Amino acid sequence: MSKRNCDDAIANVYLYIDNEMGFVHSVKIKRHLRHCTGCFGAYRFEEHLKVVIRDRVQEEPKQEVLDRLRSFLKDQEPGFGD
């Protein structure tokens, strides 16, 4: 997989999870995730994280909180999200 495709998939993972992107772009991301285990793992993590947060918190967390958590996890787990 090309780094550009991976960067695009990861940068747009929440738009993809929330079905907030155009059909063509969504199909490209879906195809990429099917063939790229690294991006698929990051997608599954983000999808699971969102479910856990939604189930345990009454209101949506601020994007800043999610970004800080993601940054912390990247520091703790080398290669996370690559």
Report task. Hand me the list of helices (runs of 4 or more DSSP H) wholly inside segment 19-82 holding 3 or more residues that are touching a Leu at 6+ places or on another chain (Cβ under 9 Å) and surrounded by 15 or more Cβ atoms within 10 Å (Cβ to Cβ). Result -> 37-56
Query raised in the report: Taking interchain pairs and intrachain pairs at least six residues apart, which have beta carbon atoms under 7 angstrom, with the first residue in segment 40-51 and over 19 Å from LYS28 (Cβ atoms) and the second among the polar types (S, T, N, Q) and buried (at least 16 other Cβ atoms within 10 Å of the Cβ)?
Result: none
Report summary line: Apart from one, (1) modelled with pLDDT under 90; (2) among the charged types (D, E, K, R); (3) surrounded by 15 or more Cβ atoms within 10 Å (Cβ to Cβ) all hold for LYS3; the odd one out is (3)
Report task. Could you check, for segment 18-38, whether at least one of its residues is over 8 Å from the mean Cα position of the chain (by Cα), modelled with pLDDT under 95 and within 21 Å of PHE72 (Cα to Cα)? Result -> yes
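The values are calculated or read from the model by the stated rules, or taken from the named source; none is laboratory data. Treat the numbers as computed from the prediction; the structure is a model and nothing was measured. Positions of Cβ are backbone-derived with ideal geometry, glycine not excepted, and every protein chain shown enters the neighbour counts.
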